[in-house]
Structure formats: structure tokens, C-alpha cells
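**Student:** The structure that follows is given in the form of C-alpha cells.
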Amino acid sequence: MRTMSQHLKPIAAVTGSLALAATLTACGGSSAASGEKVVTVYSADGLKGEAGDGWYDKVFKDFEKKTGIKVEYVEGGSGEMVQRAVREKSNTQADVLVTLPPFIQQADGKGLLQAYSPKNADKVSGADKSADGKWISVVNNYFGFVHNKKELPAAPRTWEELLDGKFKNKLQYSTPGVAGDGTAVVIKAMHDFGGKEPAMEYLKKLQANNVGPSSSTSKLAPKVDKGEILVANGDVQMNFAQAKSMPNLGIWFPAKQGGKPTTFALPYAAGLVNKAPHSENGKKLLDFMLEEEAQRQVSAIGGGFPARTDVKPTDANAIELAKLMNGVEIFEPDWADIDKNLASYVDAWKSATGS
């Protein structure tokens with residue numbers, strides 16, 4: 001029997017006074033997911049709170065209260081979750097898969113998703129869902145970086161500033177091709193520097209200051225908060241939520257020297273897994289995540305942006321998030337190109353950085 005790798009964190013959703021303690025495995029035989037009143041979610045990290053106070057924590061608890069269906073939750077980098085689901089295709093364990101792009105498109109390309117259009121899907125913009133109903137955004141989000149506000153009160157403004165010797169072994173970003181936010185580093189660099197070659201030339205130089213690989217982006221923010229490193233990549237929703245318990249965390253967006261700070265949408269996109277053991281329960285959970293109340297909690301509890309265009313939150317977090325994004329230029333990546341050429345971009349990054 002092969003148990004979960006150390007990079008993947010099996011987290012049992014706490015339901016009332018009952019904590020689901022069973023661990024999912026990649027092998028055959030019975031598991032916690034064999035019960036009828038269970039739904040298994042494989043997800044990129046960021047939406048579950050370290051102290052049980054994240055958007056997933058609230059939504060899963062409310063979902064069980066309403067339906068009696070327990071949520072089994074497995075967390076890791078976007079690429080890890082897709083790879084795990086691929087390994088399990090002959091013995092499917094997951095019902096719902098949630099990843100950042102381009103990994104949700106990759107999952108679809110590998111035949112991991114089945115079409116399902118949740119209730120209220122019509123209230124999610126066309127750019128945030130697939131035309132064939134294979135996936136849909138449940139939380140909108142943007143790529144970003146974090147810095148330690150105590151040791152580095154003013155965030156670096158440009159990519160070029162990160163090449164300074166003061167950042168040697170004080171900078172880290174998650175691994176492209178494994179983590180969604182790590183892949184986003186390559187996507188943003190290619191946009192800001194005007195193509196693959198100049199982006200790789202820059203990332204090759206940046207490697208002199210880079211601590212090294214990290215399979216999960218969420219592990220980097222605590223290191224920044226403690227001052228172990230000064231700068232790391234991340235995303236607005238996850239880092240905004242983390243900053244509530246990490247007072248030294250500041251969010252910023254690098255610009256190319258002489259240019260404007262930029263970012264792009266990096267939503268949490270969810271799909272119903274093909275041949276899911278509990279498809280009906282998966283459909284119910286997808287419906288629930290797009291209900292108005294759950295969408296209003298995206299900012300108030302999760303520190304993110306609602307996927308539904310008709311939900312306009314006015315809570316304190318929503319106001320603060322709007323200020324954070326003010327003046328930042330938002331571009332739209334060519335996801336079809338990235339999905340098609342992701343492997344070559346990751347290979348170019350490995351070659352440039354010696355990773």
C-alpha cells in the first residue's frame with residue numbers, strides 16, 4: 001500500500017464534534033470515501049485556514065450541516081493534485097478537483113474531468129469557466145508576491161531590484177510545473193519581459209538569490225513573516241488570508257523596470273472528476289460553493305474575490321482588496337497556448353536555472 005507523499009496534506013474536515021480521521025490512500029481496497037455520505041475534494045492549497053478559519057472550513061461545515069455529506073479533503077500543489085488524480089485513474093478516489101490554471105486545463109486534457117454545469121454557473125463570466133462545462137471558477141484570485149514588512153518596509157518595485165545581493169538566500173518561489181503560483185512566476189515573467197527568452201534570461205540571473213524549490217506556495221508565507229526569507233511568490237487570496245495571523249506579510253506586484261506593476265487572474269477552478277465514486281455528492285458541493293451566501297463569504301472569510309459577477313461584497317476585506325488592486329495592470333494570459341506549451345516552458349525554466 002502506498003500512502004500519501006509527504007508533500008500532500010490529508011486533512012479531515014471537522015464535522016460537528018466528529019473529526020474524520022481516516023487517511024485516503026492511492027491503493028485499492030476500502031477507504032473513508034466508501035461511505036455514501038462522503039465527498040472527496042483534491043485541492044490546491046490556499047482556501048483552507050491554518051487555524052480552521054478559512055473559506056473551505058466554513059463552506060464544508062455548512063455543506064455538511066445542510067446535506068449530511070462529510071467532506072474528505074486532500075491538499076497540495078496544483079500540479080501534484082493533477083498528477084495524483086492521473087495515477088488513480090484506474091481506481092478513482094476524488095470527486096471534485098480544484099486547481100489553479102493552467103492545471104485545470106491540463107486535468108481536462110488528461111481526461112480527468114466530466115461535464116457538469118452547477119446551479120448559478122450562468123452568473124460566472126465566460127472567461128472563468130470552460131465552454132464545455134468541464135470546470136468553473138469558485139473563487140477568483142490574482143497572482144502576487146509577498147515581502148517582510150518589518151525587515152523590508154518598502155516592497156521592491158521591480159523585478160530587477162530582486163537581483164540585488166541583499167536578497168541572496170532571502171528569496172524563494174515555488175516550483176513551476178508543480179505549484180500553480182510557481183508556474184505563474186514564469187507566466188508573469190514572460191509577459192513582463194516580452195517573451196520566453198528574455199524571461200528565462202532574467203530567471204537565470206535571479207537563481208543566484210533563490211533559496212531553492214518548494215512544492216507548495218503556502219509554505220513560503222510563514223518563512224517571509226518570520227524573516228527567514230524577505231520575498232516570495234504567492235497569490236492575493238491566500239496571502240491576504242494568511243496576513244491576518246502573519247502581521248509582517250505585505251502583498252506587492254513586481255513591475256519591469258520602467259513599466260507598471262502587473263498581475264493576472266489566477267482563479268481556483270473546480271471540476272467534477274470523471275468516474276468519481278460519488279458524483280452526485282460532488283455535484284451538490286459544486287452547487288453549494290456557487291450559492292450566494294458561500295460567494296459572499298469568499299471575501300469576508302477567505303480574503304478572495306467572488307466568482308459570481310452578481311455578488312458585490314462590501315465587507316471590510318472586500319474594500320481592502322479593492323485598494324490593494326488599485327493601479328495594478330491586469331493582463332489575460334493565453335491559456336490555450338500555455339496549456340499546449342507548458343511542458344516546454346517548464347523545461348526552459350529548468351534549463352535556465354539548473355533546477
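**Student:** Just to verify a number: FRET efficiency for Asp339 and Lys150, C-beta to C-beta distance, R0 = 35 Å, to 0.05?
**Tutor:** Rounded to the nearest 0.05, the efficiency is 0.30.
**Student:** Would you mind checking the pairs Lys150/Lys323; Lys66/Lys123; Lys48/Lys123 and listing those with alpha carbons more than 32 angstrom apart?
**Tutor:** none
**Student:** Where does the chain land at 222 nm, in deg cm²/dmol rounded to the nearest 500, when only DSSP H runs of n ≥ 4 count, each adding -39500 (n - 2.57), divided by all residues?
**Tutor:** Result for the chain: -10000 deg cm²/dmol, rounded to the nearest 500.
**Student:** Here's another thing I want to ask about it. How much net charge surrounds Ala232 when only the other residues with a Cβ under 12 Å from the Cβ of Ala232 are counted, with Lys and Arg +1 and Asp and Glu -1?
**Tutor:** Local charge sum for Ala232: 0.
**Student:** Residue farthest toward the positive end of the dipole of the range 245-355, with Cβ of Lys/Arg at +1 and Asp/Glu at -1: which of Thr314, Gln295, Gly250?
**Tutor:** Among Thr314, Gln295, Gly250, the one farthest towards the positive end of the dipole of the range 245-355 is Gly250.
**Student:** Separate question: Could you go through the range 75-89 in sequence order and give the Karplus-derived ³J(HN,Hα) for each residue, using 6.51 cos²θ - 1.76 cosθ + 1.60 with θ = phi - 60°, rounded to whole Hz, and x for Gly and Pro?
**Tutor:** Residue by residue, the range 75-89 yields 10, x, x, 4, x, 4, 5, 5, 4, 5, 5, 5, 4, 9, 4 Hz.
**Student:** Quick check: the angle from helix 335-353's long axis to the longest principal axis of the chain, C-alpha only, nearest 10 degrees?
**Tutor:** Computed tilt is about 50 degrees.
**Student:** Out of the DSSP beta bridges found with both residues in the chain, what percent are antiparallel (nearest 5)?
**Tutor:** 65
**Student:** Calculate, in nm to one decimal, what Asp53 and Ser355 gain on full extension: separation in residues at 0.36 nm each, minus their alpha carbon distance.
**Tutor:** Stretched fully, the Asp53-Ser355 segment lengthens by 105.2 nm.
**Student:** Further question on the same structure: With Rg and Dmax of the Cα atoms in Å as the read-out, I listed (1) 20.9, 61; (2) 20.9, 65; (3) 19.4, 59; which label goes with the value calculated from this structure?
**Tutor:** Comparing each candidate, only (3) matches the computed number.
**Student:** Residue by residue through the range 315-324, which ³J(HN,Hα) values in whole Hz follow from phi under the Karplus form 6.51 cos²θ - 1.76 cosθ + 1.60 (θ = phi - 60°), with glycine and proline marked x?
**Tutor:** Here the 3J(HN,Hα) series is 5, 4, 4, 4, 5, 5, 5, 4, 5, 4 Hz.
**Student:** Separate question: If you take every residue apart from Gln114 with its C-beta less than 13 Å away from the C-beta of Gln114, what net charge results, scoring Lys and Arg +1 and Asp and Glu -1?
**Tutor:** Local charge sum for Gln114: +1.
**Student:** I would also like to ask the following. Could you give the length gained by full extension between Lys89 and Asp315, i.e. 0.36 nm per residue of separation minus their alpha carbon distance, to one decimal place?
**Tutor:** So the chain would gain 77.2 nm between Lys89 and Asp315.
**Student:** Right, another one. Mind checking the full-extension length gain between Glu329 and Ser245? Use 0.36 nm per residue of separation minus the Cα-Cα distance, one decimal, nm.
**Tutor:** 27.4 nm
**Student:** State to the nearest 20 debye the size of the charge dipole of the range 111-156 about its Cα centre, where the only charges are +1 on K and R beta carbons and -1 on D and E beta carbons.
**Tutor:** Magnitude of the dipole: close to 140 debye.
**Student:** Using a simple charge model, +1 on the beta-carbon of Lys and Arg, -1 on the beta-carbon of Asp and Glu, nothing else, what dipole does the chain show about its Cα centre, in debye to the nearest 20?
**Tutor:** 560
**Student:** With a point put 7 Å past each Cα toward its Cβ, work out how far Asp164 is from Ala115 in nm, to one decimal.
**Tutor:** 5.4
**Student:** With the contact rule set at Cα under 8 Å and sequence spacing of 6 or more, what percent relative contact order holds for the chain?
**Tutor:** Dividing the mean separation by the residue count of the chain yields 23 percent.
**Student:** Measure nothing but the geometry: give the 0 to 90° angle between the long axis through the Cα atoms of 196-206 and the longest principal axis through the Cα atoms of the chain, rounded to 10°.
**Tutor:** Relative to the chain, helix 196-206 is tipped by roughly 80 degrees.
**Student:** Find the relative contact order for the range 140-261 and round it to a whole percent, using C-alpha pairs within less than 8 Å whose residues are 6+ positions apart.
**Tutor:** RCO, the range 140-261: 45 percent.
**Student:** Separate question: Label Lys37 and Lys226 with points 7 Å out from Cα along Cα→Cβ: what is the distance between them in nm?
**Tutor:** 4.0
**Student:** Under 5 Å between amide hydrogens, which residues at least 5 positions from Leu113 or on another chain qualify, with H placed 1.01 Å from N in the peptide plane?
**Tutor:** Asn274
**Student:** Taking the Cβ of Lys340 as the center, what net charge do the other residues with Cβ under 13 Å away carry, scoring Lys and Arg +1 and Asp and Glu -1?
**Tutor:** -4
**Student:** Between their Cα atoms, which of Lys110/Lys170; Lys226/Lys283; Lys58/Lys219; Lys168/Lys244 are more than 30 Å away from each other?
**Tutor:** Pairs exceeding the cut-off: Lys110/Lys170; Lys226/Lys283.
**Student:** While we're here: Pairs of Cα atoms under 8 Å, at least six residues apart: use those to get the relative contact order of the range 267-355, whole percent.
**Tutor:** RCO, the range 267-355: 14 percent.
**Student:** On to the next question. Please arrange Ile319, Ile301 by how many other C-beta atoms lie within 10 Å of their C-beta, fewest to most.
**Tutor:** Listing Ile319, Ile301 from fewest to most nearby Cβ atoms yields Ile319, Ile301.
**Student:** Tell me, what ³J(HN,Hα) does each residue in the range 124-134 have, in order and in whole Hz, if you take phi through Karplus 6.51 cos²θ - 1.76 cosθ + 1.60 with θ = phi - 60° and put x for Gly and Pro?
**Tutor:** 9, 5, x, 6, 9, 7, 7, 5, 9, x, 7
**Student:** Once Lys and Arg get +1 and Asp and Glu get -1 on their Cβ, which of Ile69, Ser215, Leu112 lies farthest toward the positive end of the dipole of the chain?
**Tutor:** Ser215
Laboratory data are not the source of any read-out in this text; all were calculated from the coordinates shown. What you see is a predicted model; the values in this text were computed from it and never measured. Cβ: placed from backbone, ideal geometry, glycine included. Neighbour counts: every protein chain shown.
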